[in-house]
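These notes concern the structure reproduced below.
The values are calculated or read from the model by the stated rules, or taken from the named source; none is laboratory data. Being a predicted model, the structure only gives us computed values, none of them experimental. Cβ: placed from backbone, ideal geometry, glycine included. Neighbour counts: every protein chain shown.
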């Protein structure tokens, strides 16, 4: 009985050490009864107690896990992600551009949760120019009509790639020092030299292009 009680005490200590984890506890420290031998009430009661404790413990863990999933608290705490959104980038009008960046369209808006967070903005879709007199067309994703100050978020259609179908592009980057509140996301374009006719994203209006915004603490 002393060995069994010591094992149960160790089990209790272990349970306290992992009380913040969201996985099921395991039943241990059980007495195995042999046919034809005496089963003492204290040993049977110990087994029932161990089962009861683990069932209650698992119920607590399952409840905590369900709550964490519902509130997205587990993923948010681990990754620093506090908010996200998806914008549909669909079929704007064709825009002719020169060597200065010109707005193609405002894709949508995002409400930033806090002043001290960083936005990860990703465009996924197709970009195109009908024709160009230069070497190609440069597209740029912006927030509040302003380019990022952390690198650049751009995609290119080369002169050899112009046409109605466009090219597949993923444009991703970060925006910092934006206040909490509403901010717009827009696409801009310019010709590398000369001019370009008919710049656009989502050519053919397939409505498959999107902008994903993730806000990190």
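Looking at 157, 185, 167, can you tell me which residue is closer than 18 Å to residue 91 by Cβ and under 21 Å from the mean Cα position of the chain (by Cα)? Even if it seems obvious, please write down each step before you answer.
Working: 157 fails: under 21 Å from the mean Cα position of the chain (by Cα); 167 fails: under 21 Å from the mean Cα position of the chain (by Cα).
Answer to the check: 185.
It is to be established whether one or more residues within region 80-89 are over 17 Å from residue 175 (Cα atoms), touching a residue at least 24 places away in the same chain (Cβ under 8 Å), in the same structural domain as residue 197 (by TED's automatic domain parsing) and outside any strand (DSSP E or B).
Step one: of region 80-89, the residues over 17 Å from residue 175 (Cα atoms) are 88-89.
Keeping just the survivors that are touching a residue at least 24 places away in the same chain (Cβ under 8 Å) gives 88-89.
Add one more test, that the residue is in the same structural domain as residue 197 (by TED's automatic domain parsing), and what stays is 88-89.
Next, only the ones that are outside any strand (DSSP E or B) stay: 89.
Yes, the conditions are met somewhere in region 80-89.
Could you look through region 69-97, keep only residues that are loosely packed, with under 15 Cβ neighbours inside 10 Å and on the phi > 0 side of the Ramachandran plot, and pick out the one that is modelled with the lowest pLDDT?
Top of the filtered list is 72.
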